[in-house]
1. Determine the pairs where a residue that is in a loop (DSSP other than H, G, I, E, B), located within the stretch 116-130, has a partner that is open to solvent by less than 90 Å² (accessible area, probe 1.4 Å) with Cβ atoms under 7 Å apart, the partner being 6 or more residues away or on another chain.
2. Do the conditions hold for Val67, that is, is it closer than 29 Å to Ala43 by Cβ and either out of contact with any Ser or Thr (no Cβ under 6 Å at 6 or more places or on another chain) or of a type in the set (Phe, Trp, Tyr) (or both)?
3. For Lys9, all conditions in the list (1) without any contact (Cβ under 8 Å) to a residue 24 or more places away in the chain; (2) surrounded by fewer than 19 Cβ atoms within 10 Å (Cβ to Cβ); (3) over 13 Å from Gly82 (Cα atoms); (4) touching a Ser or Thr at 6+ places or on another chain (Cβ under 9 Å) hold save one; what is the number of the exception?
4. For Asp93, only one of the following conditions fails: (1) over 26 Å from Ser23 (Cα atoms); (2) open to solvent by 60 Å² or more (accessible area, probe 1.4 Å); (3) not small (Gly, Ala, Ser). What is its number?
5. Search the stretch 55-83 for residues that are closer than 12 Å to Pro2 by Cβ and pair each with any residue that is open to solvent by less than 50 Å² (accessible area, probe 1.4 Å) and among the acidic types (Asp, Glu) when their beta-carbon atoms are under 6 Å apart and the residues are at least 6 apart or on different chains.
6. When both residues are 6+ apart or on different chains and their Cβ atoms are under 6 Å apart, which pairs have a first residue that lies in the stretch 26-39 and is of a type in the set (Val, Ile, Thr), and a second that is part of a loop (DSSP other than H, G, I, E, B)?
7. Given the criteria more than 22 Å from Leu139 (Cβ to Cβ) and either of a type outside the set (A, V, I, L, M, F, W, C) or open to solvent by less than 40 Å² (accessible area, probe 1.4 Å) (or both), does Ser32 qualify?
8. Got a sec? Which helices (runs of 4 or more DSSP H) wholly within the stretch 21-103 have at least 2 residues that are over 23 Å from Pro118 (Cβ atoms)?
Amino acid sequence: SPCGILTLKSATDQGHLLVEEISTGATRTLASATEMYHGPATARFSFSAEGIKFGLKAIRAAAGAPVTIIDELGQLELRGEGFANALATVTSDEFTNSILVIRSELLPAYLPKLPQSPLIFKVTASNRESLPETIVTALYPELSPPPREAGAPN
């Protein structure tokens with residue numbers, strides 16, 4: 001099963017972002033639009049140093065997992081803050097397959113930092129439900145169900 005981190009809006013406070021360790025479901029506050037933390041900041045959010053540390057630990061713990069997810073790398077990481085060293089971590093030999101969520105406008109800045117040509121999947125409103133299956137099929141084509149023959153029963 002995948003490991004790594006997801007970032008999501010807090011269900012209880014829409015001004016907060018959480019970081020979730022995928023393998024355990026544990027969360028920490030990552031950033032806030034309304035509270036000030038002592039970590040880095042962007043125009044919209046103040047980031048929690050504790051939340052960043054928690055996310056980096058979850059990423060390191062994913063070493064050896066079949067798939068590692070990092071949601072998401074952005075402007076903060078391009079400045080060398082936030083989960084910036086996660087990119088070097090997941091491109092090491094300890095990580096087999098990594099799924100990095102990167103906004104399309106930042107892709108040109110990130111592509112030179114990757115050690116090989118990545119597969120790129122664009123997330124849209126119409127494909128977001130089927131995208132996980134598409135990604136798994138691309139990573140593990142041997143797991144794809146064989147195409148059905150014409151006239152074969154369902």
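The values are calculated or read from the model by the stated rules, or taken from the named source; none is laboratory data. Computed from a predicted structure; not experimentally measured. Glycine also receives a Cβ, built like all others from the backbone with ideal geometry; neighbour counts cover every protein chain displayed. Ligands, DNA and RNA are stripped out before the accessible areas are found, and what is left, the full protein with its side chains, is counted by its heavy atoms. Shrake-Rupley method; radii C 1.70, N 1.55, O 1.52, S 1.80 Å.
1. Leu119/Ala138; Phe121/Leu131; Phe121/Thr134; Phe121/Ile135; Lys122/Ser104; Val123/Leu131
2. no
3. (4)
4. Tallying (1) over 26 Å from Ser23 (Cα atoms); (2) open to solvent by 60 Å² or more (accessible area, probe 1.4 Å); (3) not small (Gly, Ala, Ser), Asp93 fails exactly one: (1).
5. Close Cβ pairs satisfying both conditions: Ala58/Glu21.
6. Thr29/Ser48; Thr34/Gly15
7. Yes.
8. Working: elements: 49-61, 75-78, 84-90.
Where helices (runs of 4 or more DSSP H) fall fully within the stretch 21-103 and carry at least 2 residues being over 23 Å from Pro118 (Cβ atoms), they are 49-61.
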